[in-house]
Structure formats: C-alpha cells, structure tokens
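Reviewing the structure listed below.
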Amino acid sequence: LEQMNVFHVVREYVLRMINDVSGMKVLLFDHETMAIVSMVLSQSEILSRNVFLTELLENSTQERLAHLKALVFVRPVAANIKALKAELHDPHYSEYHLFFSNILKTSFIEDIALADQHEMVRQVQEFFADFYAVSPTLFSLNLPTLAPHSIRDVAMADVDRIIEGITSCCLSLKKRPSIRFQKNSAVVEHVAKGVLSRMDRERELFHQARKSESPPLLLILDRRDDPVTPLLCQWTYQAMVHELFGITNNRVAMASVPGVKSRDLQEIVLAVHQDEFFATNWHTNFGDLCMRVKELVDGYQAKHKSHENIQTIADMQRFVEHYPEYRRMAGNVSKHVTVVSEISRIIEEESLMEVSAVEQQLACAENHSDAVKKVFEVLMHPRVTLDHKVRVVALFALHYESQGRIDLESMIDRLKLLGVDPPRLRVINDLLEYAGASKRGADLFSSKNIFVSFTKTFHRELLGASNIYTEHKPLLDNILEQISKNRLKETLYPYLDSHSRDRPQDVIIFFVGGTTFEEALCVDQFNKNNPNMRVVLGGTTIHNCKSFLGALKSGLGVFDVPH
C-alpha cells in the first residue's frame, strides 16, 4: 500500500522538512500541526536530527537565538499568518523555512513577502499534511461533530476544514479522484461539491497526480446512515482501548485507572511506529490478546534471568550494551500488562460480555419479543452500568423503531427508575431524530431481505467464523463489497463529475460525522483480501460510544468545534 499510505506520506513530509535544512534547528508549530507531527514522529526521533527546540509559533521565545534556523510548519490560516508576520517583523532566529500543511492563498504569500523586511525567509513550501494519520490506512480531522440534516445549520468554517482535510489527503497521495457521495445527505453533497470546486480551482496541483489504469474514487458518506457501529462494545485491542479509556492522538490517559501509581503510566502512547507489540496486535481479539501479553511477559522474564547471571567483564559489557533495549522492553511490558489487566477488570465488573451479546443480537437478529426480554434482562442486571443500559435501549429504539414504541416507553420508564437523568434519556430520542429510519438511506437491519441475511449467517457458520461478540458488520463492509464488484448503486451514491465505468483500484472513503475503529478494521481486512485494490478511510473524528452519544447530546444540527 505504498502509494495509499497516509502515515508514510505525512512522515516523509516531516522528515524531508527537517533533513533538507542543515545545521541546528528549531521547529515552530501551531496546535494542530504539533499534534499531526506527533502522530508520525516521536520527540526523540525529532531531537536526533539536529532539532534543539520545538514550540508553538504563538509562544515563540523572546530570546534571540541567532545560531538556530527556524522551520515553521503551520496551517495556512489567518491567525498563523498574523503570528508569522509578527515573528518576521522582530526575528529571533538566523533564517526561516516556511512550510504550510495545505494550499496557501496568494494573499497570504503577499503578506509574508511584505513582512519579511529583514529578508530572512529562505523558502516557502506546501506540504500536504493537513490531517491526523492514525495508521497507514486511517486518518482523522479531530472534529468531534455530527452532520446536521439541513445545510442551513452548518457552520461554514467547519465545512471548509473538512474540504481542506479531504483535499490535503488527495494531494498527499497524489490522487485526482472521481467523487461519489451519499445522496440522502445535504451536508455530504455540499462537502463533495466543495472538494470538486477546490480540485478544479487547483487544476495544476492535481494535474501532478499519479496516472493509473482506473481513476481513483473518493466516496463521501454520512455517519447518519450507520448509527449502530459506534454504539457497540468492541473486542479488538485498539478499539477496546478507545471504547473504555479513549485514544487522543495515539495517547491514552490512565491517571484515573485504579492501581496506576507509576508516573510513566499516567499517559501512555499506543502508536504503530513506536510500539512493535501494538503494531502486531492492534487488531487482535481480546482472547488472543491475553495470550500474546503472556508471551510478552514470558519473553521479558527470560531476558531478565539472563541479565541476572553477570559473572565476567564480558557479561557486564553485554549488559551495558543491551541496557537501553532492556529498559524499553520493561516499560513496554509494564504498559501492555497494565492496559490489558484494566480491560479485563472492567469486562468482569461491568458484565460487558453479557451486554455485548445483547447488543449483537439487537444489531444482527430479527426477533422482537426476544429482543424485549433480553433488553429488560440487561436493565435489571445489577453490575451493568447506566451508560451501557442507555445504549442497549438506544440500539433497541433504532432497530424496532416502527413496532416497538410501547416497549421503548417501558424501557425508558425503567431507566428513569434506575436514576438516569433527563439529558441522558433525551439522547435516545435525539438518536432517532438524527438517524431514525426516515433519515437513513440504507436498510441497516436487513429485515426486508431475510434470505440474504440467512445465507450470510449460514456461510459464516459453515466456515467456523461465527462469534456472538463480533457478528455485526458495519454498513461499510457491504459498501466495500459493492465497490469491489463495481455494483455500488448510483441512485444511492451518485457521481458528481464525469467518470469511468471501470472498477476503481484506489479508494478514499470519508465519513462526515466520524468513523470508528471497527470500520478501520473492516478496511484493513478488505485490503488484505483484495490485493488488487487499496482503500484508505478517513473521518471528521474517530468515535467511541461516549463521543458519539456526546455529540448527539451537545445538540443536533450544529458543528460544535472547540477552539
């Protein structure tokens, strides 16, 4: 996936930026670019390349450091241009190399030229890294938003950020794709038209795109069509950590976890480029993960015993040579043992296996009376948390929206008796308002095509792949299958521009309203099973259940972006 690897392209941009300027350097960022770089390069890797200081442009030192060259990597927005002009007016470094994460307006270039009265700017470049590369096939824009149903309710600055992020991804991958969009979403159509307009306006930049036998495809979707995936318990390592603790820019806050006393474990990093164990096991299911962690501990203990047997000068020398690696291994073992132990404790204490089995039945099976019985069992379970009870009722509300109104009212009454406050109860109605059957374009629950549903289930069981905790497949799984067969319906996902009828080889899929790690796993499995196709997944954010319901609670119809 070399040509469709978002992690690789961002990392290469940053390395080129640092390596092409010789001598001692300082790196100046804005808040977003600092996080974007941290996702692909560790602090130690940066400092090992003659970088002596990293800080925010807006907080740049008042001390003159004429022995350092400044590499400025920021987003091309008015606030950063203003800070840059102030820095150039009163320079603190010997020279300035300016790199912007997206297309730079002509007016901004003119502003910079006028501000550079001391003639210290050596170069101005556009490096298209205006997104957060989570893995080789997954990126996010860190916008915790849901797409409102009406375009009138959209904050245009946020739509612009989405268009800029998608455009940057296409340019970084050197793709000029055909565009398809989800027809039943006005916001998605607006974003798609914005991307097309940007590509037409920057025709020269996109003309440099790599030519391929079949044109690449950009498919823009709305989270609304599959509200079920973000609501489910997860059972693979990365997805479970995000569900239970939350992952922000590859970092996990563990300070509030019982028993975590070591300062090194207050915040941990789970990144594929820094952690070999995580890179190997991020998609591993929990049962196998526990075995892999035991193997990791056994390997460490074997190494520890060999270090205990130091008898000669040669043994001592060997120990000193391998000590950094030994310490790194000890830290890694401690990190994964702590995380997996805490996951295991939560599964036991909150009865997550029982909850997950009911969630999967609500998502995949068609049995109203049994569903009612199972939901009430969860509601009566003393160990299941109120949050889990609310989301099980929310899943029931989505699946049995038309025939389960009376049962739903009884479930909401039960939640009230259990002490669920009104704002948390309102989220169930908010969910139906946001993504009820009338708002969705796709038939999520397949009740209309019982034969297809039965055939798929029978086929999975025949192959021995049936697992009650992972039976659910995101809607994206079906969309990818249709794309691979060149059968994705134009009535549901029309083209925006002229297009080839050939099946695309390279596909970028973007969810307005956020994607999930379950969908990222779906994409990775698809790429593995379809070596002639390459798919990259992006979203305004990466949701877990808490962030998804939180976005609903914070208000439908608005993009709520913290500054």
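The values are calculated or read from the model by the stated rules, or taken from the named source; none is laboratory data. Since we're looking at a predicted model, the values are computed, not measured. Methodologically, a virtual Cβ is constructed for each residue, glycine included, from the backbone with ideal geometry; neighbour enumeration extends over all protein chains shown. Side chains included, ligands, DNA and RNA excluded: accessible areas come from the protein's heavy atoms. Shrake-Rupley method; radii C 1.70, N 1.55, O 1.52, S 1.80 Å.
Among the residues examined, Lys174 qualifies as modelled with pLDDT of 90 or more, outside any helix (DSSP H, G or I), open to solvent by 40 Å² or more (accessible area, probe 1.4 Å) and on the phi > 0 side of the Ramachandran plot. Return the residue satisfying two criteria in turn: it lies in the stretch 395-417 and is among the small types (Gly, Ala, Ser) and open to solvent by 40 Å² or more (accessible area, probe 1.4 Å), and of such residues it is farthest from Val372 (Cα to Cα). So the residue we want is Ser402.
Total residues in the stretch 88-104 satisfying the condition of being over 30 Å from the mean Cα position of the chain (by Cα) and open to solvent by 10 Å² or more (accessible area, probe 1.4 Å): the figure is 7.
Note on the stretch 513-549: residues that are over 12 Å from the mean Cα position of the chain (by Cα) and assigned to a strand (DSSP E or B) total 2.
Here's the yes/no breakdown for (1) open to solvent by 20 Å² or more (accessible area, probe 1.4 Å); (2) closer than 24 Å to Leu492 by Cα:
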{"residue": "Cys169", "(1), (2)": "no, no"}
{"residue": "Ile179", "(1), (2)": "no, yes"}
{"residue": "Glu189", "(1), (2)": "yes, yes"}
{"residue": "Ser197", "(1), (2)": "yes, yes"}
{"residue": "Leu221", "(1), (2)": "no, yes"}
{"residue": "Thr229", "(1), (2)": "no, yes"}
{"residue": "Trp235", "(1), (2)": "yes, no"}
{"residue": "Glu243", "(1), (2)": "yes, no"}
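Looking across the stretch 350-405, the residues that are of a type in the set (Asp, Glu), more than 12 Å from Phe445 (Cβ to Cβ) and more than 28 Å from the chain's Cα centre (by Cα) come down to Asp370, Glu377.
Specify which of the listed residues (Glu204, Glu189) is acidic (Asp, Glu) and either in contact with a Lys or Arg (Cβ under 6 Å, 6 or more places away or on another chain) or more than 19 Å from Ala442 (Cα to Cα) (or both). Before you say what the answer is, go through the steps one by one.
Details: Glu189 fails: either in contact with a Lys or Arg (Cβ under 6 Å, 6 or more places away or on another chain) or more than 19 Å from Ala442 (Cα to Cα) (or both).
One residue alone meets the criteria, Glu204.
The numbered conditions (1) more than 30 Å from Asp430 (Cβ to Cβ); (2) free of Cβ contacts under 8 Å to residues at least 60 places away in the same chain; (3) open to solvent by 20 Å² or more (accessible area, probe 1.4 Å); (4) among the hydroxyl-bearing types (Ser, Thr, Tyr) are all true for Ser262 except (2). Has the stretch 118-131 got any residue that is under 26 Å from Met4 (Cα atoms), part of a strand (DSSP E or B) and open to solvent by less than 50 Å² (accessible area, probe 1.4 Å)? The answer is no, given that none of the residues of the stretch 118-131 is under 26 Å from Met4 (Cα atoms), part of a strand (DSSP E or B) and open to solvent by less than 50 Å² (accessible area, probe 1.4 Å).
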